[in-house]
1. Can you spot a residue in the stretch 319-326 that is at pLDDT below 80 and surrounded by 19 or more Cβ atoms within 10 Å (Cβ to Cβ)?
2. For VAL267, all conditions in the list (1) among the aliphatic types (A, V, I, L, M); (2) assigned to a helix (DSSP H, G or I); (3) surrounded by 15 or more Cβ atoms within 10 Å (Cβ to Cβ) hold save one; what is the number of the exception?
3. Just the residues that are assigned to a strand (DSSP E or B) and either in contact with a Cys (Cβ under 9 Å, 6 or more places away or on another chain) or over 27 Å from ASP82 (Cα atoms) (or both), please, taken from the stretch 107-137.
4. Considering only residues that are open to solvent by 50 Å² or more (accessible area, probe 1.4 Å), within 30 Å of SER584 (Cα to Cα) and of a type in the set (A, V, I, L, M), which ones fall in the stretch 413-445?
5. Pick out the one residue from VAL234, VAL211 that is within 20 Å of CYS158 (Cβ to Cβ), outside any helix (DSSP H, G or I) and touching a helix residue (DSSP H, G or I) at 6+ places or on another chain (Cβ under 7 Å).
6. List the pairs whose first member sits in the stretch 281-304 and is over 20 Å from VAL336 (Cβ atoms), whose second member is not in a helix (DSSP H, G or I), and whose Cβ atoms are under 6 Å apart, counting only residues at least 6 apart or on separate chains?
7. Among the residues of the stretch 77-96, count how many are touching a residue at least 40 places away in the same chain (Cβ under 8 Å) and not in a loop (DSSP other than H, G, I, E, B).
8. Do we have GLY480 as modelled with pLDDT of 80 or more, outside any helix (DSSP H, G or I) and of a type in the set (Gly, Ala, Ser) here?
Amino acid sequence: MAAEVEPSTLAALTGATRWPVNRWGIPSRSSPDRREPGGWWNIARDAATRLRLCSSEGPPRRWISMTSSTVTSAFAFTDPDDKLGAKNRLMSLRKTGLLDARRRLALDAITRLAAQTTAASSAAVSLVTSDRQIHPSTYRADGLPTESDERPISHSLCQFVVINDAPLVVEDARAHPVLSQHPAVLEDGVVSYAGLPLHDPDGEVLGALCVVDVVPRQWTEDQLVGLGDLVTAVETKIALGLSRREVHLDHQRLLSVLDGAAHTMIVLADSEGVVTMMNRAAALALNHDTTAIVGAWTLSDLTRIARPEVASPSASLGGGTAKDWTLEAADGSHRVISVQVNIVRDVIGEVEAYVVVGDDVSARRRAEHLLRDTVEQQGFIVKHLEALDAARSGFIATASHELRTPVTSILGYTELLADGAAGELSTAQSGMIDRVDRNSRRLLDLIEDLLNLARIDATASHRVRPLVDVVALASQAWEGLRPELVGRDLVTSVSVSRSSIVVSADPLQLERALLNLLSNAVKFTPDGGSVGLDVRSHDVNVIFEVTDTGLGIAADEHDAVFDPFYRSQSSHARATPGSGIGLSLVRRIAEDHGGTVQLESVLGQGTTVTLTIPSGGCVSA
């Protein structure tokens, strides 16, 4: 047997140095010319020759093993680091899609050329996993079919190419100290072998392109160089397959994303406007199967099924302007799709593609139409109500004016009768005259309140008002209350600032508001109770506060008592006279002066009403 020579001895014999290698793991074309004395094939051949010369026993060595980067590294025939089972490598193998052991016609031409170039009996593209060797392409020079496209890893010589990521060239495996006992040699009859590693674009070693013969061979430089060129072709095929796989996966991922937009229509088209992709929502919206549209329809075809017809998106919607398309669904209903078309341009500004995005806005458009109709109807109703309110105000003003004259006449003749102008009255007759006078005055007060409401509605709120002395006005209102206090057992109090408080106001309206508040306080306070008036200035406001210890108002009626003609439950229960206009008029007067009115009341305990009017003047001593 040939003597074993250490790598350092081999380096010394050959003077080998490291050289650039290509991605197949063999010296690249930038290395010294193979035909020159310093070329790597001549160095390897010289090294083999010197090994035979240095051998002291047995026949000359008939095998060569090289590594991917230098002839000074030992070639491993074991896998202690489990390179065959490396996770990333196995994943790269699966991605190629070549592990199903099916013949690949695209690779058959390469294996046939490999066998013919090297005059080998067979050639194969071998992919090596952790437990088997798969041949997606094989070729036999004798034309006989291969026994199997898959072999166990135990019968693989290509595994050593993968483990070392380096070429393995064997002239006679029967004389090899390790391979001579290998099952591929003993059982499959392999005698000579040459295999170069195959890589994916990321540099993972996948297997080998190998040629095999059943007789000893001296592989020539040209044969091995040609085999290396064919490795490039195989790797190119693998890279193209991976590229197609990635394109397919990207296509599927994009479809998944597009289909995930369940309520958004998405259509992609090329630069010519031909539809290239669409999601499920688009197929439903267009009421056409995806296969019938993709590759056959253009964007112009899409617009023809819209109602009303719209211009071609590629012509009119390229600026990204949204446009409504009305499309008929399978059930005959119509859907409104808000469509926007965006143009994708390349680096030089040429149109590359179109992206059509459509949102189903049917519900939104129905809501908008309903809202628009509702607003129009409400506008009509408001105008109608305003007309009715104006008519009501006009009627109240006219009726009140017409009623005041006869009521005033009744009061005048009542006073004459009470004074004995028609003769002396009996006691019964005097009582009747008093009732007529009392009810006539109540009716006259109601007429005055109605006329005041009509005047406030008909008069501009920004009219010029005179300056009014609030203290004097409050005193006049209190004096006007005195007739209602006659015969009543009430404790009264008046608190008015000694200083003159001046405001810009309508004196008649303001006095009327105070009289209404004071009259309500007296009317709804039983004998033994109290009624008070407090007039004061606070910041820029004048405050009129009327308090009583009367019947009070339930909490749920506090807002309602300010509505016209509303009477509280306590008023109905006690049959207290009143029209329900008083507090309504007070609020209208306060608002007409830019002020507010607030009510605080507890049922059975009394009421406090606060009228606040902006000062508009000054406080003087």
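1. Among the residues of the stretch 319-326, not one is at pLDDT below 80 and surrounded by 19 or more Cβ atoms within 10 Å (Cβ to Cβ), which makes the answer no.
2. All conditions are met except number (2).
3. Within the stretch 107-137, SER122, ALA123, ALA124, VAL125, SER126, LEU127, VAL128, GLN133 meet the criteria.
4. VAL436, LEU443
5. Working: VAL234 fails: outside any helix (DSSP H, G or I).
Every option except VAL211 fails the conditions.
6. Correct list of pairs: THR290/MET278; ILE293/VAL275; VAL294/VAL275; TRP297/VAL275; THR298/GLY273; THR298/VAL274; SER300/SER312.
7. 7
8. For GLY480, the condition - modelled with pLDDT of 80 or more, outside any helix (DSSP H, G or I) and of a type in the set (Gly, Ala, Ser) - is not met.
The values are calculated or read from the model by the stated rules, or taken from the named source; none is laboratory data. Quick caveat: nothing in here was measured; it's all calculated off a predicted structure. As a convention, Cβ positions derive from the backbone with ideal geometry for all residues, glycine included, and neighbour counts pool all protein chains shown. SASA here: full protein model, heavy atoms, side chains in, ligands and nucleic acids out. Shrake-Rupley method; radii C 1.70, N 1.55, O 1.52, S 1.80 Å.
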